[in-house]
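The values are calculated or read from the model by the stated rules, or taken from the named source; none is laboratory data. This one's a predicted model, so the numbers in the text were calculated from it and none came from an experiment. We place every Cβ from the backbone using ideal geometry, glycine too, and count neighbours over all the protein chains shown.
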Amino acid sequence: MSGKYFLATFGCQMNVYDSNLLGGMLEKRGMQNTSDPESADVLIVNTCSIRGGAEDRAYARIAAMKYYKRRNPDVRIAVIGCMAQNHGEKIPVELDHVDYVVGPDNYRGLENLLFEKKPKVTRVLTEQNAFENYPGVMARLDSAVSCHITIMRGCNKRCTYCIVPTVRGVERSREADDIVAEVERAVSEGVREVSLLGQTVNSYRTEKDSFASLLRRLDTVSGLQRIRFMSPHPRHFDMETIRAMAESEKVCNHVHMPVQSGSDAMLKKMRRQYTRARFLEIIRELRAVMPNVGLSTDIIAGFVGETESDFGETLSLVEEVGFDSAYLFAYSPREGTPAFAEPETLTAQEKQERLERLIALQMGITEKKLDAMVGRTEEILIEDKSSRDATEWMGKTDCFKKVILPDAPGMAKGALVRAEIIARSGITLRGRVTST
Ligand code: SAH
Ligand code: SF4
Ligand code: F3S
């Protein structure tokens, strides 16, 4: 098959990376990417199953694609990713315009199906493969300045609320040599910042490398300016990693580390493998060597059995840490997870109410943290023109704060400039360039 493919991506950055991986495979075979579904020969939806809402959105998008199939019956439609793995055979039954359903371990299979002379629809490829790591495949680059690179796939944790281990299978780390080569290639094409991705990114391990040694190796890649990673799991946040972060030149002053709850009873029930005290200890260890470290997290409100007092512990942890920002979610029961068997103890309204209290608390802290930046001079990596106003530029600080800067000589995508933060508007900072 030659022609064009259209790819819509839902879910986390690992799905974005996988879309680029598949894009890389298809482009090597002569296909072209298009952002216009009308002109595409193949329509692909990369899906997420993390919460009910994520699946609803993906289903709606796939259903809407029936229009293109009616207009041109030769168009092929593929549903890939975590929801494809989760619902498998059910998808083409419910949505009969879907030609292929392909889970995250079978993208090579999809590539081959698309190039078959006589496609046999419908095919469902969802067998899990504990070794599939896509060595040798070059992902297409998603942005000129900052890109994401998956360094490990799958997850060996069994958090009781989470569907990821079911749909993504067991943990597999990529060879460090391949990761370094991929980063070097990205840098040669203009990338200045890489974000290393994995569900528990700091449990990365191969025969030769640990997560800390990988960070140190990447720190030597010339032309690369910044290294970020997400999401580290508290269980694996050791001193070796903290030292590697502090001693490296390029690893950013920011850690996104999901805590999920501030209550030990809930952490235990979630099977998170750490306590509130241990989480706080890691934060202290980080701040001891990186005093201005930016901190962000993920939290679930209203898990099964969460009492008002458990929730109070989450609120107090949020205050105690003072996260710069947080992704906050209401618990969404997922069929196939251990917690699904337990009847929920809160109504949707009660979960929503807790979520809103958490959001309000965090918003106040976020604004305070941003206000504290005003007057400081920061190094900012320019990512692009501002999406609001093309005469301005958008960049990020080392600690992951968005800053809008006016145009000035020397400003360009990928430039590293110094700027004084002069004001906050909403959750965005505005700055004045002091040197380029
Ligand atoms: N691997 C990462 C998290 C990946 S999923 C980690 O363990 O840190 C991203 C976030 O979605 C999680 O951190 C959690 O806060 C949220 N999440 C996962 N399952 C959920 C569920 N069933 N309901 C609500 N939020 C959920
Ligand atoms: Fe899900 Fe837990 Fe694995 Fe994160 S560590 S992906 S929350 S099972
Ligand atoms: Fe969603 Fe799969 Fe990521 S379930 S959050 S796309 S790993």
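Taking the listed residues Glu281, Glu306, Glu285, the one that is more than 16 Å from ligand 2 (Cβ to nearest atom) and crowded, with 20+ Cβ neighbours inside 10 Å is Glu306, with no other qualifying.
Screening the stretch 319-331 for residues that are part of a loop (DSSP other than H, G, I, E, B) and crowded, with 19+ Cβ neighbours inside 10 Å and picking the one that is farthest from ligand 3 (Cβ to nearest atom) gives Asp324. Within the stretch 252-284, the residues that satisfy the criterion of being over 20 Å from Lys157 (Cα atoms), outside any helix (DSSP H, G or I) and out of contact with any Ser or Thr (no Cβ under 8 Å at 6 or more places or on another chain) are Cys252, Asn253.
Selection of the stretch 26-53 for residues being out of contact with any strand residue (DSSP E or B) (no Cβ under 8 Å at 6 or more places or on another chain) and either surrounded by fewer than 19 Cβ atoms within 10 Å (Cβ to Cβ) or modelled with pLDDT under 95 (or both) yields Lys28, Arg29, Gly30, Glu38, Gly52, Gly53. Report yes if Thr345 is more than 16 Å from ligand 3 (Cβ to nearest atom) and either among the hydroxyl-bearing types (Ser, Thr, Tyr) or assigned by TED's automatic domain parsing to the domain that holds Cys48 (or both), otherwise no. Taking the combined requirement at face value, the residue satisfies it.
Being touching a helix residue (DSSP H, G or I) at 6+ places or on another chain (Cβ under 9 Å), surrounded by fewer than 18 Cβ atoms within 10 Å (Cβ to Cβ) and touching a residue at least 24 places away in the same chain (Cβ under 8 Å) is a property that holds for Val121. If you go through the stretch 191-238 and pick out every residue that is part of a helix (DSSP H, G or I) and touching a Pro at 6+ places or on another chain (Cβ under 7 Å), you end up with 2.
Restricting Val304, Val251, Val293, Val255 to residues that are more than 30 Å from Glu182 (Cα to Cα) and either in contact with a Phe, Trp or Tyr (Cβ under 7 Å, 6 or more places away or on another chain) or at pLDDT 95 or above (or both) narrows the list to Val304. Which one is farthest from ligand 2 (Cβ to nearest atom) among residues in the stretch 123-160 that are of a type in the set (Gly, Ala, Ser) and out of contact with any strand residue (DSSP E or B) (no Cβ under 8 Å at 6 or more places or on another chain)? The qualifying residue farthest from ligand 2 (Cβ to nearest atom) is Ala144.
Restricting the stretch 192-208 to residues that are over 15 Å from Gln13 (Cβ atoms) and out of contact with any Lys or Arg (no Cβ under 7 Å at 6 or more places or on another chain) leaves a set whose member that is surrounded by the fewest Cβ atoms within 10 Å (Cβ to Cβ) is Glu207. Across the stretch 161-175, the number of residues qualifying as buried (at least 21 other Cβ atoms within 10 Å of the Cβ), more than 9 Å from ligand 2 (Cβ to nearest atom) and hydrophobic (A, V, I, L, M, F, W, C) comes to 1. Residues of the stretch 213-224 that are surrounded by fewer than 20 Cβ atoms within 10 Å (Cβ to Cβ) and of a type outside the set (Asp, Glu): Ser213, Arg216, Arg217, Thr220, Val221, Ser222, Gly223, Leu224. Glu249 falls short of the stated requirement of being part of a loop (DSSP other than H, G, I, E, B), closer than 22 Å to Gln352 by Cβ and among the charged types (D, E, K, R).
If you go through the stretch 146-165 and keep only what is within 14 Å of ligand 1 (Cβ to nearest atom), more than 18 Å from Phe131 (Cβ to Cβ) and β-branched (Val, Ile, Thr), you end up with Thr160, Ile163, Val164.
Exactly one residue out of Leu429, Leu361, Leu355, Leu370 is part of a helix (DSSP H, G or I) and in contact with a helix residue (DSSP H, G or I) (Cβ under 7 Å, 6 or more places away or on another chain): that is Leu361.
For the stretch 178-190, the criterion of being assigned to a loop (DSSP other than H, G, I, E, B), away from ligand 3 (no atom under 16 Å from the Cβ) and buried (at least 19 other Cβ atoms within 10 Å of the Cβ) is met by none of the residues.
Look at the stretch 1-21: where a residue is part of a loop (DSSP other than H, G, I, E, B) and a partner is of a type in the set (Lys, Arg) and within 16 Å of ligand 1 (Cβ to nearest atom), sitting 6+ places away or on another chain with Cβ atoms under 7 Å, you get Phe10/Arg57. Restricting Tyr17, Tyr5 to those that are within 16 Å of ligand 2 (Cβ to nearest atom), aromatic (Phe, Trp, Tyr), modelled with pLDDT of 95 or more and farther than 23 Å from Tyr161 by Cα reduces the list to Tyr17. Restricting Arg228, Arg192, Arg235 to residues that are away from ligand 1 (no atom under 16 Å from the Cβ) and charged (D, E, K, R) narrows the list to Arg192.
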